[in-house]
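Only one structure is covered here, and it is reproduced in the block below.
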Amino acid sequence: MSIQTLLRFSAHVQMLPILESGEETLVGGQAVMEGVMMRSPHSYCVAVRKANGDIVTEQHAQPKASDIYPIFKLPVLRGLGTLGQAMWLGIKALQFSTNVLLQQEPKSEGAAPAAEKPAELSPWMMGVTLGFSLLFFLFMYKFVPLVLATQLGHTFPALHGRLAINLMDGVIRLAIFLAFLYLLSRMKDIRRTFEYHGAEHKVVFNYESGQPVTVENAQKFVTFHPRCGTSFLIVVMLVALLVYSVLPFDGFLAKFLARIALLPLIAGMSYELIRFAAKYRKGLMATLTTPGLWLQRVTTKPPSDDQTAIAIRALDGAFELEKAQGGELVIA
């Protein structure tokens, strides 16, 4: 495996919350390397285009987390189940697309191609990359903002209070996220992924419109979708800012550990907020999703017809398996 491929995989893992939809919907999806993953209520399909133009797919049945574990039907917990499953499916889809990419890398000289096992991302590499991604997340979005906010509090007396430091922590976290996202968007490989992200959104819009799902019809729609993970992540950051601002701790370690411990609660609360807001699309939903729609000008790009065709192939594969199981295309 080349270092470039491993770095690409690591960068995509960092962007999983941005590229996927973590809501329990009829149709959702995620961009992967040179492809798209689409989900129906009980199935998913990943479609990836190889360098020679061939399309390879992987599809599996996938019961909802709440069907397997009824506890995830409860408020707040249902958000954790839905988001956890979305992240797990996202990692599996990204692993598949990475393996397709690896199999296209040049073979070493002197090797016997026929006898070689197809190149794959090994379990230990997956574990190391995911572990690094988690540590990077905690360091960049929990530790660094709190350190900087604390230092500002020591430097400027007006910012020394508990509430001021916690609010500055949230503002710094959001600034780091936006800066990191902008830097990633400058990479050529990531820009192509953002084009597949746009293709996924266009095809979902096309399906939801009731029109026949075709490349021509899908290309008529915009790439900014209110249920995108980008919009959800902005809501999470805003909820975190409010929750952290009222924490009754002054010590640095207590604040840091509380930020880690409260992550599941904040994610569940954010999910419930989005779920509630979805019932009032012209009011609260519009307000909550507007910042995410603005940010999607960075995380989505207009796709080519070939990229849109990949998203349609993934959607068709998910629906084919859904129908083969006898499942109804409904959410509840």
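The values are calculated or read from the model by the stated rules, or taken from the named source; none is laboratory data. Please read these numbers as outputs of a predicted model, since none were measured by experiment. Cβ sites come from the backbone with ideal geometry, for glycine too, and all protein chains shown count toward neighbours. When the accessible area is computed, the model is the full protein with side chains, heavy atoms only, and any ligands, DNA or RNA have been set aside. Shrake-Rupley method; radii C 1.70, N 1.55, O 1.52, S 1.80 Å.
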* Failed item in (1) closer than 29 Å to Glu195 by Cβ; (2) of a type outside the set (D, E, K, R); (3) buried (at least 17 other Cβ atoms within 10 Å of the Cβ), with Ala51 passing the rest -> (3)
* Structure fact -> Subset of the stretch 205-219, residues open to solvent by 10 Å² or more (accessible area, probe 1.4 Å) and touching a residue at least 12 places away in the same chain (Cβ under 8 Å), comes to Phe205, Tyr207, Glu208, Ser209, Val213, Thr214, Val215, Gln219
* To do: Could you figure out which of (1) touching a Lys or Arg at 6+ places or on another chain (Cβ under 9 Å); (2) open to solvent by 70 Å² or more (accessible area, probe 1.4 Å) isn't true of Tyr141?
  => (2)
* List every residue pair whose Cβ atoms lie under 7 Å apart, where the two residues are 6 or more positions apart in sequence or sit on different chains, the first residue falls within the stretch 236-259 and is closer than 16 Å to His160 by Cβ, and the second residue, located anywhere, is open to solvent by 80 Å² or more (accessible area, probe 1.4 Å) and aliphatic (A, V, I, L, M). => Ser245/Leu163
* Scanning the stretch 1-33 for residues that are assigned to a strand (DSSP E or B) and modelled with pLDDT under 85, which turns out surrounded by the fewest Cβ atoms within 10 Å (Cβ to Cβ)? -> Gly28
* Select from the stretch 153-167 the residues that are outside any helix (DSSP H, G or I) and open to solvent by 60 Å² or more (accessible area, probe 1.4 Å) and write down the one among them that is modelled with the lowest pLDDT. => His160
* Taking the stretch 246-282 as the search range and keeping residues that are at pLDDT 85 or above and of a type in the set (Val, Ile, Thr), which one is nearest to the chain's Cα centre (by Cα)? -> Ile266
* To do: Looking only at the stretch 34-75, count how many residues are assigned to a loop (DSSP other than H, G, I, E, B) and without any contact (Cβ under 8 Å) to a residue 12 or more places away in the chain.
  => 4
* Structure fact -> Expected single match for under 24 Å from Val13 (Cα atoms) and crowded, with 20+ Cβ neighbours inside 10 Å among Lys202, Lys188 is Lys202
* Is there a residue in the stretch 291-309 that is in contact with a strand residue (DSSP E or B) (Cβ under 6 Å, 6 or more places away or on another chain), part of a helix (DSSP H, G or I), at pLDDT 90 or above and closer than 28 Å to Tyr196 by Cα? -> no
